[in-house]
Every structure is written in structure tokens, then in C-alpha cells.
Amino acid sequence: MKQLRPLSITNGRLVTPQGVVEAPLRCVEGVIVEGDPQVGDDMVDARGQLVVPGLVDLGVFAIDKPAFHFGGITRAALMPDQSPPLDHPALVRFLAQSGKPDLWVHPLAAATQGLAGAQMAELALMRDAGARAVATGRKWIGDSGVMLRLLQYAAMLGMVVVSHAEDAGLAGNAAATAGEMATRLGLPSAPAGAEALAVARDIALAEMSGARLHLRQVTTRAGLELVRAAKARGVAVTAGVTPAHFMLSDLALGDYRTFARLSPPLRCEDDRQAVVEAIGDGTIDVVASGHDPRGPEDKRLPFADAAPGMAGAETLLAMTLTLVRDEEIDMPRAFDLLARNPARLLGVAAGVLAPGMEADLALLDPDTPWVVDSREMAAAAGNTPFDRQPVQGRVTMLWKGGVAIDR
């Protein structure tokens, strides 16, 4: 899909890292360029809407193009937890081409063969096949020797390691965080400290190896304090989270709602507030959807037996905008979290409205009200913990490489 004619967007408010500015935006041959609109350009009147970068969703478990486009996502980093796992260059190469031309998929290479946590996979070959980073998948690598070798090798290859931070020995098959709610519901639970232990170990090894470490989800106050301290002493660590962990606490587990069965599980209210604080002060770098659509066969089960995961692509932007309306962050910071920072971690020229960047763009009406409805979602399944929740903010137009996407 090639941009045949230049595109100019006028009367819009551009969301840039420096602030929200009223200015035209011009794109030529799939790239943002400097300059005013020219005769012969395809002209789009934004009518006062926000012009924003297409979202870069770091860490999805399924490619769900209609849902991504609804949510303004133009690039998605695919976790290696596929069938079979992404531990071979041919699989990586195939998936790197799978979404084009209107969605770019960035596969994350499996850290170990079969994601078993034992034998390191062929990272260099997978990088050359199109892998943008390496990930441990849904599980933590419990063997510290394997994890250290992984970080050392990834550092030599210039690849970020995306880690699941939850000590498997403590977490086991828990369905909830240990505490009052899990006790009342009689659910198998694990202490929240399982996260802090994993975070501490992985940060120590990253510091030892000089590797870049991205903790895909940090959801507890103790884990976030460790990240904050590591950043202060110069460790190359970043952290992410999904909207569920800043919007919901474990009170959402009431009535055994399996749509709220997540990994890591929902935490107590104090931890939820700590996540909001960490987003505000810069400790958290990325907000991602964790998109993992699960059908009735996985969710209509007793809570402890239900598969963890949520369909998050369609609600990612709207939920993050709640932080803007609550004045926890401003609009430029929201798109740092959703686009600029994940693009930087993946090493792609996208995620920011600046000359030379890919023309992955969206028009956003931040005030459009709508109601999340699991029955009407574009995703392969509607397992959202935000079902029936009223929200604001909706993408009205979307471009990939300067070419309009039919939504």
C-alpha cells in the first residue's frame, strides 16, 4: 500500500511531545514532512479534532486487525506465545509480513526454545528475520543463569528483553492476589510480592549484563518502587502496564466475573493507586492493551479454571484518556505512553508527529461518548473487564503510511 498523492490535514490540533499545537500536517510518500499544504494534495479538514500518532501496541497475544483499527492501532508487537511459539526465524518472518499493508506486525522472538525457559532460542537469526525484541512470553524464566545469558546475548545483539515479572514458584496457578477479596471468594491466590521478587531479580541481572530490560507489566507498589530506584541509578529498565491495572482493583472479581481473570491478577486498591502515581511520575513508560481475546469456551468456566486475558485493543485509547480527564497526565504524555515510547523500544520510526517519521496517523475526537459493549466489539472475542462502562474518546479516521484505512 503506497501513498500515491501527498496528504495534508488542516484545522487540526497536533499532539506532539512538546505540546498540543494548531498547525497543518503534510505527508509525502508515507512520511511526515515539513511545509504547508500544496495544490494537488489530498486535503482533510480535521474540524478541530486532535491529530495523533497511530498507536504502537507493545505486547499483544493475537493479531485482530478490526479491533486494532477501531482503537487507532497501526503497529502491534506480537508476543511469542503462539502455536507454535515464535522460536524459529521462518515463523518470525511470516508473521512480520502478516498484517501488511494496513497494519505492521512486529514479532517478539521467543527467549527460549518452546518458551520452556531452559534452552536459549536462535535470537540473532530471528532478529534478522524481523524480530524487534525478545520476550519471555507469559511466564518468568526461573533459572537465573538462563536469564543472565539471555540478557548478555540480547545486549550484544542490541535487542530489548521483554520480561514477564512474576515469580512462578510463588504465583503457581493462582487466580487472584492474596488478600481479603481472594479469601472471601475462596480463590487460589498468590502474594503480591511474587512480582517484586521477579522485578528485583531481573533488574539485578540487567544491571549486571548492561542489557535493556522492559518489564511488560508492573502492577504493585513494591515492584514500582524497585523500578523507580533502578532508573535513578541509571539501569536501562522500562516498565509497562495495561489499563485494567490502573482502572480496576480486585474488587472487580466480585460475582466471580471471569472477564476480570487476568495475568497478573488484579491487585488491591493501594497497588492500583500506585500504578496511577507511577504513570504520572514517569516510572511507567508504556501503556499497552495486552490484547488477548478469549471465547466462551475459555471464559464460561469456574473462575479458577477460566483462562486469563482480556480483549483490550478497542478500549486502550479510551481508558488511557481517563487519566487525561482526571488530570493525572496531559495529552502529550498519553501519546508518549501509547505510541512514542513503545516505538522507541522497538526501534521503529513511528509513534510521534515529526518530520521523517512514518505517516501513521489518526484523527481523534477526545469527547465522543460511547459505551463499551462486549457483544458488539470488533475483536475476535469480547472478554473485556470494562463491559457496559461509559467512556469518551474515539478515533474517527486512521492512516497507515499516509494511506487511509477503511474502518
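The values are calculated or read from the model by the stated rules, or taken from the named source; none is laboratory data. Keep in mind that this is a model prediction, so the values were computed, not measured. All Cβ positions, glycine included, derive from the backbone under ideal geometry; neighbour counts span all protein chains shown.
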Which pairs do you get when a residue that is farther than 19 Å from A239 by Cβ, found in segment 149-166, comes within reach of a residue that is not small (G, A, S), reach meaning Cβ atoms under 7 angstrom, with the pair 6+ apart or on two chains? R149/M120; Y153/M120; Y153/L123; L157/L123; L157/R127
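Being in a helix (DSSP H, G or I), over 30 Å from G172 (Cα atoms) and free of Cβ contacts under 8 Å to residues at least 40 places away in the same chain is true for just one of L95, L91. Which residue is that?
None of the others qualify; the one that does is L95.
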Pick from L150, L170: which is within 29 Å of D255 (Cβ to Cβ), touching a strand residue (DSSP E or B) at 6+ places or on another chain (Cβ under 7 Å) and part of a helix (DSSP H, G or I)? L170
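Give the residues of segment 107-136 that are outside any helix (DSSP H, G or I) and under 16 Å from R212 (Cβ atoms), sorted by residue number.
Listed by number, the residues that qualify are L108, A109, A111, A131, R132, A133, V134, A135, T136.
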Kindly indicate whether any position in segment 367-380 is surrounded by 22 or more Cβ atoms within 10 Å (Cβ to Cβ), part of a loop (DSSP other than H, G, I, E, B) and under 17 Å from the mean Cα position of the chain (by Cα). yes
From G351, G356, residue being small (G, A, S), assigned to a loop (DSSP other than H, G, I, E, B) and surrounded by fewer than 17 Cβ atoms within 10 Å (Cβ to Cβ): G356
Every residue in segment 267-288 that is under 17 Å from the mean Cα position of the chain (by Cα), closer than 20 Å to N383 by Cβ and of a type outside the set (G, A, S), please. V287
Can you pull out every residue in segment 44-62 that is outside any loop (DSSP other than H, G, I, E, B) and either modelled with pLDDT under 95 or within 21 Å of the chain's Cα centre (by Cα) (or both)? V51, V52, P53, L55, V56, D57, L58, G59, V60
Name every residue in segment 21-43 that is touching a Ser or Thr at 6+ places or on another chain (Cβ under 7 Å) and β-branched (V, I, T), in order of residue number. none
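Looking only at segment 109-132, decide whether some residue is touching a residue at least 60 places away in the same chain (Cβ under 8 Å) and touching a strand residue (DSSP E or B) at 6+ places or on another chain (Cβ under 8 Å).
Yes, that holds for at least one residue.
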Which one of these does Q38 not meet: (1) closer than 30 Å to E376 by Cβ; (2) modelled with pLDDT under 95; (3) not charged (D, E, K, R)? (1)
Has segment 289-302 got at least one residue that is at pLDDT 95 or above and under 21 Å from P191 (Cβ atoms)? no
In segment 260-303, which residues are farther than 18 Å from F335 by Cα and among the hydrophobic types (A, V, I, L, M, F, W, C)? A260, L262, L266, C268, A274, L301, F303
Any idea how many residues of segment 309-339 are farther than 21 Å from A274 by Cβ, assigned to a loop (DSSP other than H, G, I, E, B) and of a type outside the set (G, A, S)? 2
Please verify whether A62 is touching a Ser or Thr at 6+ places or on another chain (Cβ under 8 Å) and surrounded by fewer than 24 Cβ atoms within 10 Å (Cβ to Cβ), treating the condition exactly as stated. no
Where a residue in segment 287-299 is surrounded by fewer than 22 Cβ atoms within 10 Å (Cβ to Cβ) and in a loop (DSSP other than H, G, I, E, B) and its partner, wherever it lies, is at pLDDT 90 or above and not small (G, A, S), with Cβ under 9 Å and at least six apart: G295/N383
What's the number of the condition P302 fails, among (1) touching a strand residue (DSSP E or B) at 6+ places or on another chain (Cβ under 7 Å); (2) surrounded by fewer than 21 Cβ atoms within 10 Å (Cβ to Cβ)? (1)
Which residue is farthest from the chain's Cα centre (by Cα), if the candidates are limited to segment 381-404 and must be assigned to a loop (DSSP other than H, G, I, E, B) and surrounded by fewer than 19 Cβ atoms within 10 Å (Cβ to Cβ)? R388
Limited to segment 248-268, what total is found for residues that are within 15 Å of E180 (Cα to Cα) and not hydroxyl-bearing (S, T, Y)? 10
For residues that are more than 17 Å from V160 (Cβ to Cβ) and β-branched (V, I, T), scanning just segment 187-222, find the one that is surrounded by the most Cβ atoms within 10 Å (Cβ to Cβ). T219
Which residues, counting only those in segment 17-36, are surrounded by fewer than 17 Cβ atoms within 10 Å (Cβ to Cβ), without any contact (Cβ under 8 Å) to a residue 40 or more places away in the chain and not in a strand (DSSP E or B)? A23, G35, D36
